[in-house]
1. Over the chain, one equal point on each Cα, no solvent: what is log10 I(q)/I(0) by the Debye formula at q = 0.08, 0.10, 0.15 Å⁻¹?
2. Using the Cα centre as the reference, give the magnitude of the dipole from point charges on the C-beta atoms of the chain (Lys, Arg: +1; Asp, Glu: -1; all else neutral), rounded to the nearest 20 debye.
3. Which one of 252, 330, 268 is farthest out on the positive end of the charge dipole of the stretch 230-342, using unit charges on Cβ (Lys, Arg +1; Asp, Glu -1) and the Cα centre as origin?
4. Can you pull the percent of Cα pairs in the stretch 209-342 with separation above 27 Å?
5. So what is the 222 nm mean residue ellipticity for the chain from helices alone, if each DSSP H run of at least 4 adds -39500 (n - 2.57) and you divide by all residues, rounding to the nearest 500 deg cm²/dmol?
6. Can you give the accessible area per residue of the stretch 144-256, in Å², using a 1.4 Å probe?
7. Express the carbon and sulfur contribution to the solvent-accessible surface of the chain as a percent, rounded to the nearest whole number, probe 1.4 angstrom.
8. Apply the Kirkwood formula to the stretch 32-129: the hydrodynamic radius equals the inverse of the mean of 1/r over all pairs of different alpha-carbon atoms; give it in Å with one decimal.
Amino acid sequence: MGESGDNKVKISYYYFLLEVRILKRILVTGATGQIGSELTVALKERYGKENVISTMHVRKPPEDLEELGPWVTLDVTDRNAVDKVIEEYDIDTIYHLAAILSATGEKNPQLAFRVNLLGTYNILEAGVKYNLERVMIPSSIAVFGPETPRDNTPNETVLKPTTMYGITKVAGELLGNYYFKKYGLDVRGLRFPGLISWKTPPGGGTTDYAVEIFYYAVEGKKYTCFLRDDTYLPMMYMPDAIRALIELAEAPIEKLKHHADFNITAMSFSPRELVEEIRKYIPDFEVEYKPDYRQEIADSWPNSIDDSAAREEWGWRPEYDLPAMVDDMIKNIARKLGKDLP
Ligand code: AKB
């Protein structure tokens, strides 16, 4: 082979290496959930349809997502099953979203412990075993508790939650940071506030009222809110949440001082303020307040969050505030339900 032939071989070998480095094979656990169903679509658009493997367990994929497979059934509490799917699909990155949220977790703490803690442990152990490039594990404002400062809650603060969900999320953050330090596994995570979206309904959370309420408003029905009208909570619109996850995953590691435990937020409001905003579109919307067991959970969480570490370390900026979110939610839900706004 002449010199130019040698060079061609070298060049194609370099391209091969580059491609191998860039090509991602991503596993999304909990892909049928509120975040997972939208994240899967965003990841497929970014990295290629075949390179994102979605897993489901209890909830089956909605029709419009079915074609966005491959779908795999996976119980994250089953360590062998986790290993098998990583091997079979040659996975290098995991977005681990499968979790039991706060309200369901208080009804069934044993289930929350198993899915959230054992599931996370299995993913981390597999991450080390298969030398994965990155593991994304979202956390939550549920890591905070009644002793945490409530306003502008700092990144570093008291983490003594009083819910099983919160306890498993604190443990998940600590484990993520531990696996990074001990094994060099690149684990990253952020503390999501309540997430608002119109594509896939949330399930079993305390902040779910802020999604349900829109369906009642658009259908012209009275809504009974399970939180008090003055319950302030940090919130975020789903397009911001999806962008946050992908931006954190792609941030240069040398810029990160935190790993599995970034505060992030976009807005804070109470049910009363949300209703006032919705009434700008649907003036006759009626709401009554009947707080239930979820009030105690909400009362243990912050009013607002300081996300300056995320802003400084990976450039986090939310795009949606309360009016922009309500405008987009109302229009999309009206379209989805085939309703005309008054
Ligand atoms: C919940 O309400 O449980 C979740 C959360 C804040 O993590 N939305």
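1. Taking Cα atoms of the chain as identical point scatterers yields -0.39, -0.60, -1.30.
2. The dipole magnitude comes to about 460 debye.
3. The one lying farthest along the dipole's positive direction is 330.
4. The proportion of pairs with Cα distances above 27 Å equals 30 percent.
5. The per-residue figure over the chain is -13000 deg cm²/dmol.
6. In whole numbers, the stretch 144-256 has 38 Å² accessible per residue.
7. Result for the chain: 52 percent of the exposed heavy-atom area is carbon or sulfur.
8. For the stretch 32-129, the Kirkwood estimate is 14.1 Å.
The values are calculated or read from the model by the stated rules, or taken from the named source; none is laboratory data. Keep in mind it's a predicted model, so treat the numbers as computed, not measured. Using ideal geometry, Cβ is built from the backbone for each residue, glycine included, and neighbour counts are taken over all protein chains shown. Only protein heavy atoms, including side chains, enter the accessible area calculation; ligands, DNA and RNA are left aside. Shrake-Rupley method; radii C 1.70, N 1.55, O 1.52, S 1.80 Å.
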